[in-house]
Amino acid sequence: MRRRSTDLEALTMHVFPRWAAAAAVVFLFSPAATATAAPPRPGLNSAYLGDWGRGGYVHDANDRGDVVGALNDENVNPQPVLWPRNGAPVRIDVDRGSPAAVNNRGDVVGDNWLWSDGRVRTLADPSRQMRSVDINDQRQATGTIDPDSSGVAQMFLWQDGGFTTFSPPAGMRGYPLGINNRGQVLGYLTDASWSVRHGFVWHAGRMTILKPLGGTVLDPRAINDRGEVVGYSTVAGSEVRHAFLWQAGRMRDLMAGHPTESGLAWDVNNAGEVVGNIGFKAVLWRDGNVVDLAVPGLYTYAREINERGDVAGWATFPDPARNRVFRWRDGRVLFSEDYSTEMGLEVSGIDDRGRVVGLIDDLVVPPRPVRWVAGPSA
């Protein structure tokens, strides 16, 4: 199981919900109007996941197509919900906390609870302050728990009712991002000013620190079941960001031939295929080679990849300015309908059938969880 995190999440996870961080990315990169090729006809049909008339949010999706998030109740308070891969939303009966993640068995974890087979289990004493972020297929969960005597929150691995806690190095703060099926916890470390950030992989009591390619900032984004980590790092003497792959203890600059151009790696599947961007162009790194996905658009962003190699993301078009969700499969691109660039748009995942899940928010009506599915003739 892979953990994929949103851009800006490292800076906003303690303030804004996950959808707000991802939506901010779309707003930040809305284009000026310049000429570009017309996009293909839509081939992805949007289907609202179902709500109670007051909107909702998406937090995570698993490989088989289950989605977790929250729907607003009559008091506009978000209530945890599981959308099965087929069927109506199921309310998760807990009294606090939005869901953080769902594994491939359909287990859902929240701040201090685990929902499994329709039953809720409390992870720790209810008086303890916890923030869970992920759960793997072995029902191991990770997150942060009560601050220690120094005021720094401890990180934890939870399994079968037991906690293993671990702390960041002195002078740093640590935040887990996810956990793979080998029990390896991925996260990042930061100093008090947030000017220095490193990644880490913690496993069986040992923390391995992932240092930048030469600058001061490294932000991990995803880990696969082989323990390979992707993300981005600043380079020496510059604010340029390069996509990286950390593999077998070695850091690799995926953009070594682009010294002045920034890029990001967002996700990696268990075959080691990496998706992200070089500049504003969506790309795939496969076997050490860069594959231009050739997605039409002025700006294109590859965000998610599934185990069969399908890629999901979005593209921005001018004249008039608009965004479209896309799915790339074996060189063929399918697009959703048009969305205004003033609309918040999040792509949260792609399951192993190639169905894309995310969120749209036009800032007028409440945000709507959406699944984009290829049409029968696509």
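Which values, in whole Å and largest first, are the semi-axes of the equivalent ellipsoid of the stretch 56-196 obtained as the square root of 5 times each eigenvalue of the Cα gyration tensor?
27, 16, 15
What is the distance in Å between the Cα centres of the stretch 352-371 and the stretch 174-251?
Result: 29 Å between the Cα centres.
Roughly how many Å² is the accessible area per residue of the chain, as a whole number, for a 1.4 Å probe? Numbers along the way, then the final one.
Details: 15310 Å² over 378 residues.
I get 41 Å² per residue for this part.
Using helices alone, what [θ] at 222 nm do you get for the chain, with -39,500 (n - 2.57) per DSSP H run of 4 or more residues, divided over all residues and rounded to the nearest 500?
Helix contribution divided over all residues of the chain: -1000 deg cm²/dmol.
Students sometimes get this wrong: rank Ser167, Ser132 by accessible area, probe 1.4 Å, all chains present, largest first.
Working: Ser167 55, Ser132 5 Å².
Of Ser167, Ser132, the descending order of accessible area is Ser167, Ser132.
Would you be so kind as to identify which of Ala236, Ser348, Gly249 lies farthest towards the positive end of the dipole of the chain, taking Lys and Arg as +1 and Asp and Glu as -1 on Cβ and the Cα centre as origin?
Most positive-ward Cα: Gly249.
Normalised by the residues of the stretch 152-258, what does the relative contact order come to in percent, with Cα pairs under 8 Å and at least six apart?
15 percent
Of Gly110, Gly214, Gly227, which has the largest mean-square fluctuation in a 10 Å C-alpha GNM of the chain?
Ranking Gly110, Gly214, Gly227 by mean-square fluctuation puts Gly214 first.
Using a Gaussian network for the chain with springs between C-alpha atoms less than 10 Å apart, which of these wobbles most: Ile135, Ile360, Ile223?
Maximum among the listed residues: Ile360.
Using only the alpha carbon atoms of the chain, find the Kirkwood hydrodynamic radius as the inverse mean reciprocal pair distance, in angstroms to one decimal.
This gives a value of 20.8 Å.
Show me 205-211, 99-105, 370-376 ranked by packing, highest mean number of other Cβ atoms within 10 Å first.
Highest to lowest by the protection proxy: 99-105, 370-376, 205-211.
Enter the Cα centre distance for the pair the stretch 136-163 and the stretch 270-285, rounded to the nearest angstrom.
31 Å
Can you sort Glu261, Glu239 by 1.4 Å-probe accessible area, starting with the largest?
Ranking Glu261, Glu239 by accessible area, largest first, yields Glu239, Glu261.
Might you report the magnitude of the Cβ-based charge dipole of the chain about its Cα centre, with Lys and Arg at +1 and Asp and Glu at -1, to the nearest 20 debye?
Rounded to the nearest 20 debye, it is 560 debye.
What is the distance in Å between the Cα centroid of the stretch 69-132 and that of the stretch 306-349?
28 Å
The values are calculated or read from the model by the stated rules, or taken from the named source; none is laboratory data. Predicted, not measured: the structure shown is a model, and the values here were computed from it. Note: ideal-geometry Cβ built from the backbone for every residue, glycine included; neighbour counts use all protein chains shown. All accessible areas refer to the heavy atoms of the entire protein, side chains included, with ligands and DNA or RNA removed. Shrake-Rupley method; radii C 1.70, N 1.55, O 1.52, S 1.80 Å.
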